[in-house]
1. Which number in (1) modelled with pLDDT of 95 or more; (2) on the phi > 0 side of the Ramachandran plot marks the one condition that ASN429 misses?
2. Quick check, is ARG108 basic (Lys, Arg), farther than 22 Å from TYR166 by Cβ and modelled with pLDDT of 90 or more?
3. Could you check how many residues of segment 648-677 are outside any loop (DSSP other than H, G, I, E, B) and buried (at least 19 other Cβ atoms within 10 Å of the Cβ)?
4. Which one is least open to solvent (accessible area, probe 1.4 Å), of the residues in segment 704-746 that are among the charged types (D, E, K, R) and closer than 30 Å to PHE758 by Cβ?
5. Picking from LEU326, LEU339, which residue would you name as being under 24 Å from the mean Cα position of the chain (by Cα), among the hydrophobic types (A, V, I, L, M, F, W, C) and under 23 Å from SER365 (Cα atoms)?
6. Would you confirm whether any residue within segment 187-194 is farther than 30 Å from THR261 by Cα and of a type in the set (Asp, Glu)?
7. Please list, ordered by first then second residue, the pairs with beta carbon atoms under 6 Å, 6 or more apart or interchain, first in segment 678-697 and touching a residue at least 24 places away in the same chain (Cβ under 8 Å) and farther than 30 Å from ARG651 by Cβ, second open to solvent by 30 Å² or more (accessible area, probe 1.4 Å) and of a type in the set (Phe, Trp, Tyr).
8. If you go through segment 81-93, how many residues are open to solvent by less than 30 Å² (accessible area, probe 1.4 Å) and modelled with pLDDT under 90?
Amino acid sequence: MKRHGDLHSIALRAAAASGRKLQSVSAIALAILLVYGAFPSSQAAEQKPGQPPARMVVEASELVYDKDKDTVSARGNVQIYYKGRLLEADHVIYDRKTERVYAEGHARLTESDGTVVRAERFDLTDDFKDGFIESLQVDSTNNTHFSAPRAERTAGETTVYDRGAYTACEACKDDPSRPRTWRLRAKRIIHDNIEKMIYYEDANLEFLDVPVAYVPFWSSPDPTKSRQSGLLTPVLGYRSQLGYEFGQPIYWALAPDYDLTITPSYFTEQGPFLSGEFRQRFENGSYWIRAEGTHVANPSAFAIAPYGAQDRIWRGSAQSTGEFFLSDEWRVGWDATALSDRFFMQDYKQHNTLFQNYFFREASSTAYLTGQGDRSWFDLRGYYFQVLSPSDVQSQQAVAHPIIDYDRAFDIDPAKTYGVGGQLTVNANFTSASAQNANYESIQPRTLDSIYGIYDVCQIYAPAIDRSQSGCLLRGIGGDYESATVETSWKRKVVDPLGGVWEPFAFARLFGSYLNYDTQGVAPMYNSTYMPILNASQGLFVNGADNTIRGQATPGAGAEWRYPLLARSSLGDMVIEPIAQIVARPNQSSIPSLVNMDAQSLVFDDTNLFEWSKYSGYDRFETGTRLNYGGQATMTFNNGVYVNGLVGQSRQLAGANPYAVADAANVGLQSGLNTRTSDIVGRLAIAPTDNVTFVAKGRFDSESLAARRIDLFTSYKMQPVTLELHYANYTAQPQIGFDVRRQGMAINGRYDVTKDYFLSGNVTFDMSRYLYNSLTTDQFVTSLLTGVNTATLTGANLTGTAPVFSVAAMGFGAGYHDECTELTINYTSIYAPQASTGLPARNQTILLSLKLRTLGEIKTGVGLGSMLVNDGIRAQP
């Protein structure tokens with residue numbers, strides 16, 4: 001029989017029982033301690049005046065008090081609870097002379113924070129704070145573990161493990177004898193609970209019990225502490241133009257709400273490199289600032305300008321991001337990047353995968369103020385773009401200052417509007433932008449400058465009338481441009497007695513713009529004719545046109561009808577839904593602005609078939625009367641298979657077809673909408689299971705049904721395989737700058753070999769490059785290598801031919817992950833200019849990342865160099 005109690009309540013009975021062996025009286029286990037005092041002497045020293053004494057609760061099967069030795073022994077499932085600590089053992093002895101407690105036999109001490117210490121034997125002071133522990137294993141609540149043959153505790157604050165080991169890995173459940181993934185063995189491990197630090201002396205890092213690294217001294221924060229000043233994991237790397245890299249991050253936790261990291265680095269070929277990052281958090285937001293820079297020791301390692309940054313001695317970047325909540329509805333923030341030159345990220349930031357992508361053409365910076373209500377949205381922001389491609393001109397990039405968007409929806413009470421009801425929506429936009437130089441793009445044929453061979457040039461801007469025969473597009477103006485748009489719309493859904501769903505709607509659109517065209521801001525290095533010659537009746541420039549304000553008011557009304565039909569069978573449920581929509585507007589010009597700045601992307605597909613205007617921005621808008629019609633069907637099978645299909649078409653019923661009237665960028669031409677009856681668009685989505693999906697989207701000629709645009713997406717996610725595939729095939733659109741058919745395929749996959757091991761890979765095929773094989777070659781390579789231009793560029797600029805399946809980018813890797821370790825190694829090959837010459841090449845890199853929970857993460861990148869691509873195609877079209 002077991003009983004329990006506390007020392008205060010049984011003190012007198014314990015004194016009466018002195019000298020006798022007491023069995024089955026667990027309530028008085030260790031009560032003899034109180035014969036000479038109400039509590040241990042160490043407690044008396046800590047006792048504050050007026051504070052009640054701490055009680056020691058004891059439970060045991062047997063108690064023996066030896067008067068001669070002045071010891072108390074407790075046996076049989078002994079449990080002692082004192083000051084939040086619980087000591088458990090088969091046998092516990094308390095020596096009153098030395099004021100020490102000895103516990104052995106399945107001994108276990110549970111700390112107040114939940115940490116469990118298991119040992120062969122405890123030798124502790126009577127408050128459990130100081131002492132020695134033999135053959136111990138420490139398991140914390142955050143799943144970290146210490147072990148050692150012997151350890152010493154001091155004041156309950158510091159524990160020293162002799163020949164100890166530390167790990168954050170769990171033992172194998174099926175076979176606990178198997179070695180942990182990793183552990184850190186050391187001659188001494190010092191765990192300071194006051195500083196929240198762990199120090200290691202003569203330490204070896206072991207993986208599966210195999211030593212792989214040695215350090216004479218190492219320190220890491222206590223796992224319970226998220227921030228600790230000190231040295232972070234070193235940065236290692238190699239690239240041919242930089243040499244070997246070694247960097248040592250130094251972290252300062254300056255205050256609970258802000259910190260600083262400084263990383264001095266050294267490149268064996270380019271010298272020192274310094275970076276720093278400051279972070280601060282507030283109650284309503286946070287921000288960070290990162291700056292880095294270097295004085296280049298060997299500029300000749302990089303390509304000559306403008307193909308590289310050989311002319312730059314001081315190089316660097318500054319980046320900052322921040323966001324603050326002004327209230328529940330309003331927030332303000334920024335995301336800014338400033339670079340010394342467009343090649344800095346490509347040359348120095350090997351670990352920045354965002355800027356490794358050659359098709360990422362600019363670094364964008366923005367500052368914004370955003371408000372969001374239950375049914376309203378406000379956004380004010382500015383943009384600045386810094387080009388990263390050698391073929392782009394910085395002075396042609398527009399600066400937005402600012403762009404303002406506002407949306408608000410209102411429900412209309414039918415009782416107060418004579419039964420009208422519905423929803424009223426207000427949408428407004430204001431855009432202010434400016435650029436130093438106009439941005440021209442040559443087409444039919446594409447022509448490069450004869451000086452550097454990388455800039456698009458337009459010998460003359462355009463014919464006066466027929467834009468479809470234009471050899472030059474105006475992508476952006478030089479000067480200032482402002483536009484304002486306000487759109488108000490009403491719509492309401494009504495279900496008729498037959499089940500048809502009607503949605504009548506009406507809208508009004510007001511648009512105004514101002515252009516201050518700069519005829520002086522030109523770039524003579526790549527354009528020989530700067531002033532555009534255009535037709536004013538098309539809403540475009542004429543030679544010598546005055547800067548002016550233009551505006552347009554466009555009312556409109558229409559209706560949309562849907563008639564969902566439900567059919568049920570033994571296989572499942574099918575819903576068939578015919579759809580028709582008519583939109584009527586005046587026969588106005590669809591080009592209300594002098595230029596098209598924000599509506600140059602036009603893709604006609606299933607997503608915008610039933611939009612009132614299919615343009616992507618505000619500078620263009622549909623006019624005239626248009627009918628959109630089609631239908632969709634959805635089949636849901638009883639076994640869970642899901643199939644959805646949509647097909648539709650659009651027709652201009654009255655007024656000029658806005659998509660057949662080209663603006664200065666030829667937007668609308670060859671879009672599939674430029675004929676009175678449009679191409680046919682469709683979508684087919686199939687999901688046989690929750691883990692397998694297939695989506696096909698297409699645009700087809702209305703007469704021959706020839707494919708104009710095909711997109712195929714498929715994904716398979718069923719352990720152990722994950723696979724995604726995207727295939728695209730777009731017909732040539734030379735009138736908007738796409739000379740040949742665009743075709744490509746991207747595949748991403750992952751295979752989980754086991755629960756912990758995986759393989760991954762990706763490849764992107766450019767299946768259009770071989771179409772350039774017939775273009776004229778030249779001496780562009782010689783021009784770059786010698787610095788003397790001897791070429792007249794008319795298309796391709798390298799010898800050789802491209803295969804049908806040209807690899808634009810590829811990568812593969814392998815990894816391991818468990819509860820304490822993440823290890824990945826990846827190889828990437830990206831089509832990009834060679835850093836030393838600017839010639840088209842494949843840039844190859846190996847990235848290794850190792851993350852050990854609680855210890856840190858190390859990343860290293862090794863540039864394997866770049867291989868020149870002999871496929872007859874220049875790097876940048």
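The values are calculated or read from the model by the stated rules, or taken from the named source; none is laboratory data. Keep in mind that what you see is a predicted model, and the values were worked out from it rather than measured. Positions of Cβ are generated from backbone atoms using ideal geometry, with glycine treated the same way; all protein chains shown enter the neighbour counts. Heads up: the accessible areas ignore ligands, DNA and RNA and are worked out on the full protein's heavy atoms, side chains in. Shrake-Rupley method; radii C 1.70, N 1.55, O 1.52, S 1.80 Å.
1. (2)
2. So ARG108 does not fit the description; no.
3. 5
4. Looking at the filtered set, the residue picked out is ASP711.
5. It is LEU339.
6. no
7. Short answer, once both residue conditions are applied: ALA687/TYR642; VAL692/TYR716.
8. The qualifying residues number 2.
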